[in-house]
Amino acid sequence: MNPPAEYTPEMVRQAADAIIAARPSYVKLITFYAHIFAAQEDARLRISLPPVHLSDELIRIKHREKLPLVMTSEMVIDPKASEDLLKELCRITVDCGSELAGAAQVLSGQSSKVTALFGPFLKAQESDILAGAEEMGVEPKTLAFFLYHSLRPSLCTCAVQLAPYLDSSPSGEQGYCPVCGSPPAIAWLEGEGQRYLFCSFCWHKWPVNRALCPFCGSREQQGLLYLYSEEEKEYRVDACESCRNYVKTVDTRVLARRCYPPLEHVASLHLDLKAAEAEYVASWPAQLPV
Ligand SMILES: [Zn+2]
Ligand SMILES: [Zn+2]
């Protein structure tokens, strides 16, 4: 039995409509990603994963050493659901006239070769991905895009299954995902100003201290910069002078619309450009295909 989904395909579509109304220049990009994310939320309903059991001793060590619960290579997936989703994502990509449409056509005709790379992708075996991309005649980063997005519903579901093993009193200083160890994609401010980070890989959400850099722990007030614009009160960039890393932050308290974290990441790419101009470094690849 899967845990209840926090988001539905309909919620993704509503979030996309609200973004497009506020930022018409994003219509093509958001329309494409709304289809991708809605298909993923739909796929989550059909995912079946074996339970992941971590021993008490292992959990004690992980908590003591502040290690993530698992490595990405240890996450479990539903291969059948991922293969079905791969075909659906290829169809969406062609229908949307994305710049990846040609590659999507190639990959949908060779889905068994793509699905054979799910394991190497999770293990970050770059040479296998490069060889597979060359054999199929697509760009490696395009192949990685389809591999990741086909697996994402499994990864999110696996993270939800693992989350109960986490320490109930987190340190609040962690700049990497406590479930899988990946860097954050985006930050969220909620309620009384509590700050959360979302994992760029499994989309687990964890609380962090607002007054310090999640990457290097710098606490100096003057060392943390906020790139901010009056026209977009809901978005800002939290950048650190010490380590030059940054994370985009969405202030959900001033956002009078439905939001879906991965879509907010796509809808704020202009902030990644701004941060890059100021020579800050993204914690994960900011470039997205259209
Ligand atoms: Zn994660
Ligand atoms: Zn820092």
Residue that is farthest from the chain's Cα centre (by Cα) [pool: residues in the range 33-68 that are surrounded by 14 or more Cβ atoms within 10 Å (Cβ to Cβ) and of a type in the set (Lys, Arg)]: Lys62
Applying the selection to the range 46-72, what residues are over 13 Å from Leu162 (Cβ atoms), without any contact (Cβ under 8 Å) to a residue 40 or more places away in the chain and in a helix (DSSP H, G or I)? Asp56, Glu57, Arg60, Ile61, Arg64, Glu65
Of (1) crowded, with 19+ Cβ neighbours inside 10 Å; (2) under 19 Å from the mean Cα position of the chain (by Cα), Ala163 satisfies every one except (1)
Just one listed residue, out of Ala256, Ala144, is outside the structural domain of Ala22 (by TED's automatic domain parsing) and surrounded by fewer than 21 Cβ atoms within 10 Å (Cβ to Cβ), and it is Ala256
Counting only residues that are more than 9 Å from ligand 1 (Cβ to nearest atom) and in contact with a Ser or Thr (Cβ under 8 Å, 6 or more places away or on another chain), which one in the range 201-216 is farthest from Tyr148 (Cα to Cα)? Leu212
Write out, first by first residue and then by second, each pair whose Cβ atoms fall under 9 Å of each other, whose residues are 6+ apart or on separate chains, and whose first residue, in the range 73-91, is among the polar types (S, T, N, Q) while the second is part of a helix (DSSP H, G or I) and surrounded by fewer than 16 Cβ atoms within 10 Å (Cβ to Cβ). Ser73/Gly119
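Residues checked against (1) within 29 Å of Leu86 (Cβ to Cβ); (2) modelled with pLDDT of 95 or more:
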site: Lys141; (1), (2): yes, no
site: Cys158; (1), (2): yes, yes
site: Gly172; (1), (2): no, no
site: Gly175; (1), (2): no, no
site: Pro184; (1), (2): yes, no
For residues that are within 15 Å of ligand 1 (Cβ to nearest atom) and farther than 17 Å from Glu264 by Cβ, tally how many sit in the range 165-200. 12
Can you name the number of the only condition in (1) buried (at least 20 other Cβ atoms within 10 Å of the Cβ); (2) at pLDDT below 90 that Ala267 fails? (2)
Regarding Tyr280, is this residue modelled with pLDDT of 90 or more, within 13 Å of ligand 2 (Cβ to nearest atom) and either more than 25 Å from Glu41 (Cβ to Cβ) or touching a Lys or Arg at 6+ places or on another chain (Cβ under 9 Å) (or both)? yes
Residue pairs, Cβ under 7 Å, 6 or more apart or interchain, first in the range 211-223 and under 12 Å from Cys243 (Cβ atoms), second among the charged types (D, E, K, R) and modelled with pLDDT under 80. List them. Leu212/Glu173; Leu212/Arg219; Gly217/Glu173
Please list, ordered by residue number, the strands (runs of 3 or more DSSP E) wholly in the range 205-278 having 1 or more residues that are among the polar types (S, T, N, Q) and under 18 Å from the mean Cα position of the chain (by Cα). 245-251
Kindly establish whether Gln194 is surrounded by fewer than 17 Cβ atoms within 10 Å (Cβ to Cβ) and at pLDDT below 85. no
Based on this model, can you work out whether Leu225 counts as away from ligand 2 (no atom under 15 Å from the Cβ), modelled with pLDDT under 90 and touching a strand residue (DSSP E or B) at 6+ places or on another chain (Cβ under 8 Å)? no
Within the range 83-105, does at least one residue satisfy the condition of being under 30 Å from Asp167 (Cβ atoms) and loosely packed, with under 15 Cβ neighbours inside 10 Å? no
Is it true that Ser98 is assigned by TED's automatic domain parsing to the domain that holds Leu147, in a helix (DSSP H, G or I) and polar (S, T, N, Q)? no
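The values are calculated or read from the model by the stated rules, or taken from the named source; none is laboratory data. Since this is a predicted model, take the numbers as computed values, not measurements. Note: ideal-geometry Cβ built from the backbone for every residue, glycine included; neighbour counts use all protein chains shown.
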